[in-house]
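*Asks:* Got a structure here, written out as structure tokens. Questions coming.
The values are calculated or read from the model by the stated rules, or taken from the named source; none is laboratory data. Given the structure is predicted, the values throughout are model-derived calculations rather than measurements. So basically every Cβ, Gly included, is an ideal-geometry build from the backbone, and we count neighbours across all protein chains shown.
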Amino acid sequence: MEHIGELDFRAILRNEKIERTDGERGIENLNKLAKMLGYNEDGFKYGSSLERFLQDNQGAVEALVDWIEENQHYWVAELEEYMPEDEGDEENDEDDDGLCKGCGGSVDKCICL
């Protein structure tokens, strides 16, 4: 798992299955991403002129997702809960020799939480 402040934004999109940015699915994915960022008060108004614009212009949804990625530092706390766990990743994984698999240091002094 990535350390705090080093979010893998694209891994979050893959994990949540919201990578597509084209058509109706792209709009649904953008809406889900906005909710993940904390904007879940009213949701997206389907059937609006904005929805039709976004659906017709795939690049607009992609540009918004790219902008969110570039500015993800504003939403670190919100996005951290969606970071995918590495397979077999457990807090303070210990090798046979008593060393943490995450940082390589002693498990007793591990900082990898």
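*Asks:* When you check A77 against the structure, is it surrounded by 13 or more Cβ atoms within 10 Å (Cβ to Cβ) and either in a helix (DSSP H, G or I) or modelled with pLDDT under 90 (or both), yes or no? Reasoning before the result, please.
*Replies:* On the way: surrounded by 13 or more Cβ atoms within 10 Å (Cβ to Cβ): no; either in a helix (DSSP H, G or I) or modelled with pLDDT under 90 (or both): yes.
Spelling it out, it is not the case that A77 is surrounded by 13 or more Cβ atoms within 10 Å (Cβ to Cβ) and either in a helix (DSSP H, G or I) or modelled with pLDDT under 90 (or both).
*Asks:* Pull up the range 10-38, narrow it to residues that are polar (S, T, N, Q) and part of a helix (DSSP H, G or I), then point me to the one that is nearest to the chain's Cα centre (by Cα). Break it down stepwise before answering.
*Replies:* Here is the first cut: in the range 10-38, the ones polar (S, T, N, Q) are 15, 21, 29, 31.
From what is left, the residues that are part of a helix (DSSP H, G or I) are 15, 29, 31.
On the way: N15: 8, N29: 12, N31: 14 Å.
Within the range 10-38, the match that is nearest to the chain's Cα centre (by Cα) is N15.
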